[in-house]
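The values are calculated or read from the model by the stated rules, or taken from the named source; none is laboratory data. Given the structure is predicted, the values throughout are model-derived calculations rather than measurements. Here Cβ is always computed from backbone atoms with ideal geometry, including for glycine, and neighbour counts include all displayed protein chains. Side chains included, ligands, DNA and RNA excluded: accessible areas come from the protein's heavy atoms. Shrake-Rupley method; radii C 1.70, N 1.55, O 1.52, S 1.80 Å.
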Amino acid sequence: MLTVRGVWKTYDGGIRALQDVSLDAGRGVFGLLGPNGAGKSSLMRTLATLQRPDSGSVSLDDTDLLADPFRARRRIGYLPQDMGVYPRVTAGEMPEYLAGLKGIGGKRRRQEVSRLLEQVNLADLADRRLDTFSGGMRRRFGIATAFLGAPELVIVDEPTAGLDPSERRRFQFLLADAAQSCVLILSSHIVEDLAGLCTDMALMNRGRIVATGAPRKLVGKLDGRIWQRGAKFGELAALQSRHTVLSWRPSQGGLAVRVLSDISPGPDFEPSDPDLEDLYAARMREAAE
């Protein structure tokens, strides 16, 4: 169990990135959803022990991760949003080096690197240079390195940025499969990355956690309050002035406009089942008011 309590972080210039952040995450995928600038990456770096908070605590089971970060990193896997690669280093050489840094030696190191590359479908490319990999291949390679040493906590920051839909689905499958044996914290500003993937989640905005819980339970709070109607592009501004518009989506040459309301907004609207995108839009709207 990952336990975070009262974490604050302020950067130079008075930028308050994290404000009293607390959360609990058990085995499986825990999703962290929020817009760019919400503080997600700051929290990820703190959980990965790459920066110290101004105050607060982070523990994994009974171990204080902040008390001895060098030792804690043997229990942590981390895939940052921007993963750089060394030029002229191959997909087989790099994880061998990283495994050595984690204290994995000899025959076990070679076996583990081979197994992880096989899991992410890169075993046949072990001799290929990483700087020739596509974005999707690099992200898959990153997952392999993040799981070196069977970490108990894996932190993945914005994993599908820049990936096409097929690569995104493949990547989500890899994460869901791998998370069965660890606590996996998955940060994203893309709702699709978390819908159906995480068992618990938190919504984050302006450095604060604004909601936590199981996605279905959180979305269920909007039952009976989401309405939808078709509209022309030119109607959007008028609808926004009269209703609490959560989103608008292209639909058959026009728009499907989704509105939050306790009662029917009008005869042209039909009730609609809420989804995670509705929840996200509604909570971000509340936080901004």
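A few points about this structure:
- Remark on Tyr78: its backbone amide H falls under 5 Å from those of Ile155, a criterion applied only to residues 5 or more positions apart or on other chains, H modelled at 1.01 Å from N.
- Karplus-derived 3J(HN,Hα), 6.51/-1.76/1.60, for each residue of region 63-72, Hz, glycine and proline x: 9, 7, 5, 8, 6, 9, x, 5, 6, 4
- Descending semi-axes in whole angstrom, ellipsoid equivalent of region 1-77, from the Cα gyration tensor: 20, 15, 11
- Derived scalar couplings between HN and Hα for region 98-105 equal 5, 4, x, 5, 8, x, 8, x Hz in order, rounded to whole Hz, by the Karplus curve 6.51 cos²θ - 1.76 cosθ + 1.60 (θ = phi - 60°), x for Gly and Pro.
- Per residue value of the accessible surface for the chain (all protein chains in place, 1.4 Å probe), Å²: 50
- For region 231-238, the Karplus equation 6.51 cos²θ - 1.76 cosθ + 1.60, evaluated at θ = phi - 60°, returns couplings of 8, 7, 4, x, 8, 4, 4, 5 Hz by residue, with Gly and Pro reported as x.
- Between Ala211 and Leu203, the built amide H atoms are under 5 Å apart, and every one of these is 5 or more places off in sequence or on another chain.
- Mean residue ellipticity (222 nm) of the chain, computed from DSSP H runs ≥ 4 via -39,500 (n - 2.57), nearest 500: -9000 deg cm²/dmol
- Charge-dipole axis of the chain as Lys and Arg at +1 and Asp and Glu at -1 on Cβ define it, positive-most pick from Ser241, Ser114, Gly13: Ser114
- Seen against the Cα atoms of the chain and their longest principal axis, helix 135-146 is set at about 60 degrees.
- Dipole in debye (nearest 20) - region 54-155, about Cα centre, beta carbon charges: Lys, Arg +1; Asp, Glu -1: 440
- Inter-probe distance in nm under a simple model that places probes 7 Å from Cα toward Cβ, at Thr244 and Asp68: 5.0
- Charging the Cβ of each Asp and Glu at -1 and of each Lys and Arg at +1, and nothing else, the dipole of the chain about its Cα centre rounds to 600 debye.
- Rounded to the nearest 10 square angstrom, Trp8 shows an accessible area of 80 square angstrom against a 1.4 Å probe.
- Element breakdown for the chain at a 1.4 angstrom probe: carbon and sulfur atoms account for 48% of the accessible area.
- Per-residue SASA entry for Tyr11, accessible area with 1.4 Å probe, Å² rounded to 10: 70
- The 1.4 Å probe gives accessible areas that order Thr10, Thr3, Thr199, largest first, as Thr199, Thr10, Thr3.
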